[in-house]
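Novice: Please see the structure below; I have some questions.
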Amino acid sequence: MSPFSNSPGDLAVDCVRTLAPYVPGKPIEELQRELGLTDIIKLASNENPFGASPQALDAMQRAIADTWLYPDGSGHILKQKLAARLGVDSTQITLGNGSNDLLVMLAEAFLAPGLEAVYSQYAFAVYPIAVQATGATGVVTPANAPDAPMPLGHDLEAMARAITPRTRVVFIANPNNPTGTWVPAAPLKSFIAAAPRHTLIALDEAYFEYTGELGLQNGVEWLSEFPNLVVFRTFSKAYGLAGVRVGYAVSHPSVAGMLNRVRQAFNVSVIGLAGASAALDDTDHLATAVKVAVAERARVAARLGRAGTRVLPSAGNFLMLHAGANAKERFEVLLRRGIIVRPVGNYGLPEHLRVTLGTPEQNDRFLKAWEG
Ligand SMILES: Cc1ncc(COP(=O)(O)O)c(C=O)c1O
């Protein structure tokens, strides 16, 4: 593109110009502006409807007084707490401005033009963005068939076949967003064990706290066995801190060292550090939020099933529904009733909608509107 173009954005590097940007859930304020509604519920971004722990809120309020200072760039206190909780060394932990930040750091540190990253069709949308922005090649493997036991989920055999000498990263979301599907511990372990050592396995456990009794592995427990494993977690979901942006990666210290080289020096804010640290102490708040979400997951899925709506199995705090050819219209009907869910056409799933599990009352309101 000519540097004299009228559109200076076209000067961006090819791999960025051709990127499809991330499409976030519709904010409540936007719907308020558009439709003049006041009583709106957002079930569109897999947030925790119970919010942050009161202890975290209190710590964040106190931290406001320190916001003229740069944060502790090493995140010492939070890392020590996480290390003790997870049974790892603090040199294995990297903090991020949300786990999204860490996924981008991993791509920056380990990918470049000529290298490849593998991820599944319908995998979390940040993987292709993070990969393509580095100029590396994203290799998308076909997802499980719609009638498979784990429909639209990651096909680990297809992913294993896609690994080449150029593959530096394989992304596995367990469970995956937006599908909610997961890979059980045994096949995942065989996959990681068989992966070549020149390939990092990025195991994204953003919804780990919600997985309950479904037989998913805690990836952190495998780190000593598999030095090429990197586990990603977040405070955005079960901890109810999406707005302050704190996530963490747990890895071999040498991988953490590389992430640290590309990490912005002060990537987690004073408020984020204080909130996440206090949230870790409030185990009761976490347990209640998770318990309700897990119970609601079963209840809402069963009721939708009875009403004839196909629902994918989910290990997260959300459900993926087959809404049919009129998914867009159904999305709009919900909007007019003040309920924001998430269309997933950008994932190549125009007939599906993703619904975050809210409070039982919010879910009832959604169900009522859905059943018409
Ligand atoms: C699978 C998965 N990974 C990572 C993230 C990023 O979350 P955050 O950056 O808020 O930690 C999300 C958010 O929706 C997600 O669904």
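Novice: Rounded if a/c is under 1.5, else prolate if a/b beats b/c, else oblate: with a ≥ b ≥ c from the C-alpha gyration tensor eigenvalues square-rooted, which is the range 150-303?
Specialist: On the way: a/c = 2.15, a/b = 1.14, b/c = 1.90.
Oblate.
Novice: How would you classify the range 110-161 from its alpha-carbon gyration tensor, with a ≥ b ≥ c the square roots of the eigenvalues: rounded for a/c under 1.5, else prolate if a/b is greater than b/c, otherwise oblate?
Specialist: Prolate shape, in that a/c is at least 1.5 and a/b is the bigger ratio.
Novice: Given just the C-alpha atoms of the range 1-141, how large is their convex hull per residue in cubic angstrom?
Specialist: Details: hull volume 32.9 nm³, N = 141.
Hull volume normalised by residue count: 233 Å³.
Novice: What percent of all Cα-Cα pairs in the range 222-368 falls into each 10 Å bin, going from 0 up to the bin containing the maximum distance?
Specialist: All Cα pairs, binned at 10 Å, distribute as 10, 29, 29, 23, 9, 0 percent.
Novice: For the range 118-193, what relative contact order do you get, as a whole percent, if you take Cα pairs closer than 8 Å and at least 6 residues apart?
Specialist: Result for the range 118-193 is 36 percent.
Novice: How big is the equivalent ellipsoid of the chain along its three axes, where each semi-axis is √(5λ) from the Cα gyration tensor, reported in whole Å from largest to smallest?
Specialist: 30, 26, 23
Novice: Per-residue HN-Hα couplings for the range 178-195, Karplus 6.51 cos²θ - 1.76 cosθ + 1.60 at θ = phi - 60°, whole Hz, x for Gly and Pro?
Specialist: x, 6, x, 6, 9, 10, x, 4, 5, x, 5, 5, 4, 4, 5, 5, 8, 5
Novice: Report, to two decimal places, the Cα Rg of the range 93-220 normalised by 2.2 N^0.38 Å (N = number of residues). Working shown, then result.
Specialist: Details: Rg = 13.8 Å, N = 128, 2.2 N^0.38 = 13.9 Å.
With N residues counted in the range 93-220, Rg over 2.2 N^0.38 Å equals 0.99.
Novice: Taking only DSSP H segments of four or more residues, each worth -39500 (n - 2.57), what value at 222 nm results for the chain once the sum is divided by all its residues, to the nearest 500 deg cm²/dmol?
Specialist: Roughly -11000 deg cm²/dmol at 222 nm, from the helical runs in the chain.
Novice: So, R0 is 22 Å and r is the distance between the beta-carbons of Val13 and Ser254; what FRET efficiency does that work out to, to 0.05?
Specialist: Working: r = 29 Å, r/R0 = 1.32.
That gives a FRET efficiency of 0.15.
Novice: Could you give the nm distance between label points at Ala145 and Leu69, where each point is 7 Å from its Cα heading toward the beta carbon?
Specialist: Roughly 6.1 nm, to one decimal.
Novice: In whole angstrom, note down how far apart the Cα centers of the range 240-266 and the range 294-372 are.
Specialist: Computed from Cα coordinates, the inter-centre distance equals 33 Å.
Novice: Length gain on complete extension for the stretch Ala325 to Gln264, per 0.36 nm per residue less the alpha carbon to alpha carbon distance?
Specialist: Contour length minus Cα-Cα distance gives 17.6 nm.
Novice: Evaluate E = 1/(1 + (r/R0)^6) for Glu332 and Ala295, where r is the Cβ-Cβ distance and R0 equals 25 Å; express this FRET efficiency to the nearest 0.05.
Specialist: Values: r = 30 Å, r/R0 = 1.18.
Computed FRET efficiency for Glu332 and Ala295 comes out at 0.25.
Novice: Here's a follow-up. What shape does the range 164-222 have by the C-alpha gyration tensor, where a ≥ b ≥ c are the square roots of the eigenvalues, rounded means a/c under 1.5, and otherwise prolate means a/b greater than b/c and oblate the rest?
Specialist: Prolate, since a/c reaches 1.5 and a/b exceeds b/c.
Quick note: the coordinates plus some simple rules give every number you see, no bench work behind them. As the structure is a computational prediction, the values presented were derived from the model and not from experiment. Cβ sites come from the backbone with ideal geometry, for glycine too, and all protein chains shown count toward neighbours.
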